[in-house]
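Asker: One structure, as structure tokens, below. Some questions next.
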Amino acid sequence: SVSLSGYADRDSVAVWAADSMGWAVSEGLISGNQSGGQTYLLPQGNATRAQVSAILHRFCDGVVK
């Protein structure tokens, strides 16, 4: 797990999801979105089909090996 302190909306991540979100960030599956010089996870938003595809691709390449 990794600290989410570098993300402007870290307090929006649900308590029950914080460890899993930290794992996904530490594994490079999720990197966040840049806006106004800050990085956001957007945990309450919806992922696009392209974003989900990128996450699954990174998972298969990096985690599953």
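Asker: Does any residue in the range 22-37 that is in a loop (DSSP other than H, G, I, E, B) come within less than 7 Å, Cβ to Cβ, of a residue that is of a type in the set (Phe, Trp, Tyr) six or more places away or on a different chain, and which pairs are these?
Answerer: Correct list of pairs: LEU29/PHE59; GLY32/TYR7; GLY32/TYR40.
Asker: Pairs please, first residue from the range 10-21 and over 16 Å from GLY45 (Cα atoms), second anywhere and surrounded by fewer than 15 Cβ atoms within 10 Å (Cβ to Cβ), Cβ atoms under 8 Å, 6+ apart in sequence or on different chains.
Answerer: Note: pairs meeting the criteria are ASP19/SER1.
Asker: Looking only at the range 10-37, how many residues end up being open to solvent by 70 Å² or more (accessible area, probe 1.4 Å) and on the phi > 0 side of the Ramachandran plot?
Answerer: 2
Asker: Of these, TYR7, TYR40, which one is in contact with a strand residue (DSSP E or B) (Cβ under 6 Å, 6 or more places away or on another chain) and open to solvent by 50 Å² or more (accessible area, probe 1.4 Å)? Walk me through how you get there before you give the answer.
Answerer: Values: TYR7 fails: open to solvent by 50 Å² or more (accessible area, probe 1.4 Å).
The conditions single out TYR40.
Asker: Can you pull out the residues in the range 1-31 that are β-branched (Val, Ile, Thr), out of contact with any Gly (no Cβ under 7 Å at 6 or more places or on another chain) and closer than 23 Å to VAL63 by Cα?
Answerer: Selection gives VAL13, VAL25, ILE30.
Asker: Any idea which residue in the range 43-65 is most open to solvent (accessible area, probe 1.4 Å), counting only those that are in contact (Cβ under 8 Å) with a residue 12 or more places away in the chain and part of a loop (DSSP other than H, G, I, E, B)?
Answerer: Looking at residues that are in contact (Cβ under 8 Å) with a residue 12 or more places away in the chain and part of a loop (DSSP other than H, G, I, E, B), I get GLN44.
The values are calculated or read from the model by the stated rules, or taken from the named source; none is laboratory data. Just so you know, these numbers come straight off a predicted model, no measurement behind them. All Cβ positions, even for glycine, are placed from backbone atoms using ideal geometry, and neighbour counts span all protein chains on display. Heads up: the accessible areas ignore ligands, DNA and RNA and are worked out on the full protein's heavy atoms, side chains in. Shrake-Rupley method; radii C 1.70, N 1.55, O 1.52, S 1.80 Å.
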